[in-house]
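J.: This is the structure I have questions about; it appears just below.
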Amino acid sequence: MNIGIIGLGLIGGTYAKSLKKYPYSIYGVDIDQEAIDYALINNIIDYGTILPSREFLKKLDVIFLCLYPKQAIEFVRKNIMNFKRGAIVSDVAGVKRKMIDGFDMFREDEVEFVFSHPIAGRETSGIKYSDENIFKGANFVITPINSNTDEALSMIKVLAGQMGFKNISFMKDVEHDEIISFTSQLTHAIAISLVNSDQEKYNTELFIGDSYKDLTRIAKINEKLWSELFLSNKDFLVKNIEKFESELSILKEAIKNKDKNKIEELMIKSTKKRSSIDG
C-alpha cells in the first residue's frame, strides 16, 4: 500500500516515521526541499517531492493531510483531480466542523474523506523534532460523516493503532469541537495569558518550579496554527473561557474574603475531578 504524507513537519514526520516500519511505501510532499532531503536521507520516507505531479499522487492509496486547516483545503482544491480514484484522504486538524464544511464540495470526486485528529504534539515544530514516542499511548479521534464506508473508517483506525495511539474514539464533529475547546484550546489560552501577565518585575526564571513549567510549557506556541484553530472554534472556546473566568472569580472572591472553608472546598473539588481522570 502507498501512503502519502502531505506536510513533513512535526506531525507529518512522526506519521511517516511511525508507519515506515510496516510494509508500506511512504511518499512525502512538502514545500521545503530541505525537509524532503532530510526525510530521504534519514529513511523517513521512500519518495519525496516539493512539486507533486499527477503521476506521483495517482499512486497514493491513503493520503494524510498534515497541514494547517486552510492549507489542507487549498491542497485538495488544487490536486483533487490528480488523486487516485477510491483513495482515502484524512486530515490531522484540531477542529472538525470547519474541515468537514471545507471539503464538502469535493465529496463527489470519487475519493473518501475520513476526518481525524491525533491529539498529540510538542511545542517544537519541524521534521527534525518528529518522534514516534509522541504518539505512544496518546488519543486519536475519528469524526465520521454520512458518506463514510466501514472499510475506510477501519483503515484509518488500523493505521492509527499502528502509529502507536492507544485510545481511538469515534464521535460527532460538534462533540469533538466542544470537548477539544476545553481540553486543548482553553489550556493553551490559559498558558498564553499566564505568561503574558508576568510584569517582569523580577528575574522570573530564578523563581519558577515545576508548577510554572508544567502550566506554561505550551505557551511556546505556533501562532499561525493556533490563531487559526482558535478562530475556527470560537463559539465553543469563548464559552469555555467565560466558564473559566467565572470559576477563577469564585476563587478570587473566597481569597479576598478570607473564606478558608470555601478555598478548601474548591481545592477538594478539583482534586476529586483530576483524580477521576487519572483513574
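J.: With the checklist (1) within 26 Å of Pro118 (Cα to Cα); (2) surrounded by 11 or more Cβ atoms within 10 Å (Cβ to Cβ) in hand, flag the one item Asp198 doesn't pass.
T.: (1)
J.: Mind checking which helices (runs of 4 or more DSSP H) fall wholly inside region 1-116 and carry at least 2 residues that are touching a residue at least 24 places away in the same chain (Cβ under 8 Å) and among the polar types (S, T, N, Q)?
T.: In region 1-116, 10-20, 69-79 are the helices (runs of 4 or more DSSP H) which contain 2 or more residues that are touching a residue at least 24 places away in the same chain (Cβ under 8 Å) and among the polar types (S, T, N, Q).
J.: Continuing with the same structure: Scanning for something touching a residue at least 60 places away in the same chain (Cβ under 8 Å), touching a helix residue (DSSP H, G or I) at 6+ places or on another chain (Cβ under 9 Å) and either not assigned by TED's automatic domain parsing to the domain that holds Asp91 or not polar (S, T, N, Q) (or both), does region 138-159 turn up at least one residue?
T.: For region 138-159, residues touching a residue at least 60 places away in the same chain (Cβ under 8 Å), touching a helix residue (DSSP H, G or I) at 6+ places or on another chain (Cβ under 9 Å) and either not assigned by TED's automatic domain parsing to the domain that holds Asp91 or not polar (S, T, N, Q) (or both): present.
J.: Could you figure out which of (1) in a helix (DSSP H, G or I); (2) surrounded by fewer than 18 Cβ atoms within 10 Å (Cβ to Cβ) isn't true of Asn146?
T.: Every listed condition holds for Asn146 apart from (1).
J.: So for region 196-212 (the condition being closer than 30 Å to Lys98 by Cα, outside the structural domain of Pro144 (by TED's automatic domain parsing) and part of a helix (DSSP H, G or I)), does at least one residue qualify?
T.: Yes: one or more hits.
J.: Report yes if some residue within region 242-256 is surrounded by 11 or more Cβ atoms within 10 Å (Cβ to Cβ), in a helix (DSSP H, G or I) and within 24 Å of the chain's Cα centre (by Cα); otherwise report no.
T.: So far as region 242-256 goes, yes, one or more of its residues are surrounded by 11 or more Cβ atoms within 10 Å (Cβ to Cβ), in a helix (DSSP H, G or I) and within 24 Å of the chain's Cα centre (by Cα).
J.: With the checklist (1) surrounded by 23 or more Cβ atoms within 10 Å (Cβ to Cβ); (2) under 21 Å from the mean Cα position of the chain (by Cα); (3) of a type outside the set (A, V, I, L, M, F, W, C); (4) at negative phi in hand, flag the one item Tyr68 doesn't pass.
T.: Among (1) surrounded by 23 or more Cβ atoms within 10 Å (Cβ to Cβ); (2) under 21 Å from the mean Cα position of the chain (by Cα); (3) of a type outside the set (A, V, I, L, M, F, W, C); (4) at negative phi, the lone unmet condition for Tyr68 is (1).
J.: Considering region 108-130 alone, what residues qualify as being of a type in the set (D, E, K, R), modelled with pLDDT of 90 or more and under 26 Å from Met171 (Cβ atoms)?
T.: Glu112
The values are calculated or read from the model by the stated rules, or taken from the named source; none is laboratory data. Keep in mind that what you see is a predicted model, and the values were worked out from it rather than measured. Cβ: placed from backbone, ideal geometry, glycine included. Neighbour counts: every protein chain shown.
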